Amino acid sequence: MTTILAIDTSAIASAAILRAGAEGTEVLARFATEDTRSHAEVTAPAVARLLEETGLSGKDLDAVVAGVGPGPFTGLRAGLTVARTLGFAWCLPVHGVMSLDAIAADAVAAGAPERFLVATDARRKEVYWALYANDAGTPRLLDGPHVQRPADVVVDELLGAGGAVYGAGAGLYPEELSPVEAFARTQPDAVALGTLALERLARGEELLETEPLYLRESDAQVPGPRKKAL
Amino acid sequence: MNRAEPLILGIESSCDETGVGIVRGGTLLSNTVASSMDEHVRFGGVIPEIASRAHLEAIVPALDAALKEAGVTLDELDGIAVTAGPGLAGALMVGVSAAKALAVATGKPLFAINHLVAHVAVGLLAEQVFADGLPENLGALLVSGGHTEVLRVRGIQDVQMLGSTIDDAAGEAYDKTARLLGLGYPGGPVIDRLSREGDPKAIRFPRGLTQPKYMGTADEPGPHRYDWSFSGLKAAVARCVEQFEARGEEPPVADIAASFQEAVVDVVTAKAMLACKEHGITELLLGGGVAANARLRELTARRCASAGITLHVPPISLCTDNGAMVAALASRLVMDGAEPSSLDFAPDSSLPVSTVLLP
Ligand SMILES: [Zn+2]
């Protein structure tokens, strides 16, 4: 049996404790916010409550798994900081999973077509998106993640006419991104993320490091040379 | 919790330094600081997002290094302390997230404390300046790249803001001026060095907020009697450089640097002395990264001496932002019987100095 704590703060803040056994994956406890802007406040207390609910402690866990984004910088860092620090304190491995994979896993479970897109809100009128294949019931990343304006995502070219785009990013821009109705508000979530991580670990696959996928540079501008007064 | 000699780990991430320090009671055990200063060089100033990214990468290695250096384990700690504000919001979030996670992982109490008061509390560490506790009639002059203020310290939980900058921090003014003069980043050390070759009286730069309408009188203080403003000074330096260039002359960089530094140091110390005098302050702690500036230390010492004020300056490694000061403050609060903060607190980028410890 493998027991993990999964955390994702790439959009909403969520956390879950999951256990993989002979009967499949069991969600022992879960937490999720609606809100996308309070991650530094809520993430660690949420983990404390999950531990309390399950009666588990760090020594009962085998790994910590964190969504590495893409996501808005400050919120994304809150989850990664919590995951890395818990891993350090508990002497546990900390693995990364690309956050859009969580939505892709749910999409596949709901019968996604052979090729589909996942999109989340990148703010500033842009979306994070990635192209996936439904590979006999598991999501396989084909391209991405990217950050672009919705109108610049070439949905028809990637999927053909009437293609399916999963996730809250599509729901925000229905004109450009032909959302799948049932997924029009779906955000990356720790349950899906953790489930996927357990499947990958069971297959002996390597997970990612926990480097954040910011996709954008910081907004800093290198100041130009000062104009000389002449 | 051991309240007699608590073992506290402190985390600081309010600006561009990732600091982790460990103290036992009033004894400093370790003080690890990683700075992202080098990454800000090409921008000529601290870029909040770059600082925040660097905090994420530095925090776990800093925790590890501080624990090893102190020779203690997480299990042995009595508490975890963290800067809750004031500071850069995104930068604070990293330290706060790490501290909360440590508290959850270890079950240890968490203390969310005020960065400015921590600059004062560092003086409480043994072999630093106030080994026997805070003296009566204490004030603090904090001058750094992120903040600049003069405080009245009646007790470690009774701190009052007398004055502060209303725009740039003093250290920020150094950085901006250094950029104008083509001297690189950070501006403090290079301007301090170059000033020794220049004439501080060559150019009379303005001292911000010193006109009577801002100052008022001791009985009827104006709106900014003890406050500073450095944005006008920066503009004056820019105009000065342009005037030389317009005349086709090479600007006298050393003279400009020296005159700029004199303007900053003069107004900082003059207003601090005025605040001390009018609030019965007879002991002054100098803190913040700009305390490393030779001219600031010199003029503060001289003016304190002639005003009959005893000046205390901690070692520079404890004046710049660091985790040990955070741990030192929490340790004092624990010894005084303070209760820990709730795990749900939010960092506050403009935390008032009256809030020493978040509930
Ligand atoms: Zn400071």
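Data for the structure
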| item | result |
| --- | --- |
| Principal-axis tilt of helix B:294-307 within chain B, Cα atoms, nearest 10 degrees | 90 degrees |
| ³J(HN,Hα), Karplus 6.51/-1.76/1.60, whole Hz, each residue of the range B:220-237, x for Gly, Pro | 10, x, x, x, 9, 4, 10, 8, 10, 9, 10, 6, x, 5, 4, 5, 5, 5 |
| Given chain B, longest segment not containing exposed loop GluC sites (Glu not before Pro) (DSSP; at most 16 other Cβ within 10 Å) | B:1-126 |
| Per-residue SASA entry for A:Cys91, accessible area with 1.4 Å probe, Å² rounded to 10 | 120 Å² |
| Restricting the range A:2-96 to GluC sites (Glu not before Pro) in coil, as DSSP defines it, with at most 13 other Cβ within 10 Å | A:Glu23, A:Glu34 |
| Calculated FRET efficiency for the pair A:Glu181/B:Glu220, C-beta based, R₀ 56 Å, to 0.05 | 0.25 |
| Accessible area expressed per residue, chain A, with surrounding protein chains retained (probe 1.4 Å, Å²) | 44 Å² |
| Environment charge at A:Ala29 (Cβ cut-off 13 Å; Lys +1, Arg +1, Asp -1, Glu -1) | -1 |
| Per-pair calculated FRET efficiency, R0 = 25 Å: B:Asp75 and B:Ser342 via Cβ, rounded to 0.05 | 0.65 |
| Residues losing 20 Å² or more accessible surface upon assembly, the range B:319-359, compared with the chain by itself, 1.4 Å | B:Leu343, B:Asp344, B:Ala346 |
| DSSP-defined antiparallel bridges as percent of all bridges, the range A:100-183, nearest 5 | 85 percent |
| Bridge type composition, the protein assembly as shown - antiparallel percent by DSSP, nearest 5 | 65 percent |
| Threshold 40 Å² - residues in the range A:191-223 whose accessible area is reduced by that much or more when the chain is no longer isolated, probe 1.4 Å | A:Tyr214, A:Ser218, A:Ala220, A:Val222, A:Pro223 |
| Surface accessible to a 1.4 Å probe, B:Ile156 within the full protein complex, Å² | 10 Å² |
| 20 Å cut-off, amide nitrogen to a point 7 angstrom out along B:Thr27 Cα→Cβ, residues in the range B:311-345 | B:315, B:318, B:323-336 |
| Amide proton proximity set for A:Val68, modelled H, under 5 Å, gap of 5+ | A:Val97, A:Met98, A:Ser99 |
| Using θ = phi - 60° and Karplus 6.51 cos²θ - 1.76 cosθ + 1.60, couplings along the range A:19-31 (whole Hz; Gly, Pro as x) | 10, 9, x, 4, 7, x, 9, 10, 8, 7, 6, 9, 8 |
| Degrees separating the helix B:170-180 axis from the principal Cα axis of chain B, which is the longest one | 50 degrees |
| Net charge, B:Phe130 excluded, C-beta distance under 15 Å - Lys, Arg +1, Asp, Glu -1 | -3 |
| Student exercise, the range B:16-81 dipole from Lys, Arg, Asp, Glu Cβ charges, in Debye to nearest 20 | 100 debye |
| Overall form of the protein assembly as shown per C-alpha gyration tensor (a/c, 1.5; a/b vs b/c) | oblate |
| Whole-Å distance, taken between Cα centres, linking the range B:1-66 and the range B:245-292 | 28 Å |
| FRET efficiency, B:Ala4 to B:Ser317 (Cβ-Cβ, R0 22 Å, nearest 0.05) | 0.25 |
| Zone residues, the range B:91-129, relative to B:Asp158, backbone N less than 20 Å from point 7 Å out along Cα-to-Cβ | B:114, B:116-124 |
| Placed amide H near B:Asp321: partners under 5 Å, 5+ positions off or other chain | B:Gly289 |
| On Cα atoms only, tilt of B:48-70 relative to the major axis of chain B in degrees | 50 degrees |
| 3J(HN,Hα) from dihedral phi, the range B:203-216, Karplus parametrisation 6.51/-1.76/1.60, rounded to Hz, x for glycine, proline | 10, 8, 8, x, 9, x, 6, 10, 5, x, 5, 8, 7, x |
| Long-range amide H partners of B:Ser341 with built H, under 5 Å | B:Leu110, B:Phe111, B:Ala112 |
| Protein heavy-atom accessible area occluded, A/B pair - total, 1.4 Å probe, Å² | 3100 Å² |
| Chain A: DSSP helices with Cα axial extent of at least 24 Å and average Kyte-Doolittle hydropathy no lower than -1.0 | A:73-90 |
| Per residue accessible area of chain B, 1.4 Å probe, in Å² | 36 Å² |
| Accessible surface of chain A [probe 1.4 Å, protein heavy atoms]: carbon and sulfur percent | 48 percent |
| Residues along the range B:92-136 losing 50 Å² or more of accessible surface when the other protein chains are present rather than the chain by itself (probe 1.4 Å) | B:Met93, B:Ser97, B:Ala101, B:Val104, B:Ala105 |
| Peptide A:50-61 - average C-beta neighbours from other chains (10 Å radius) | 1 |
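The values are calculated or read from the model by the stated rules, or taken from the named source; none is laboratory data. What you see is a predicted model, and the numbers here were worked out from it, not measured in a lab. Every residue, glycine among them, receives a Cβ derived from its backbone with ideal geometry; neighbour counts consider all protein chains shown. Heads up: the accessible areas ignore ligands, DNA and RNA and are worked out on the full protein's heavy atoms, side chains in. Shrake-Rupley method; radii C 1.70, N 1.55, O 1.52, S 1.80 Å.
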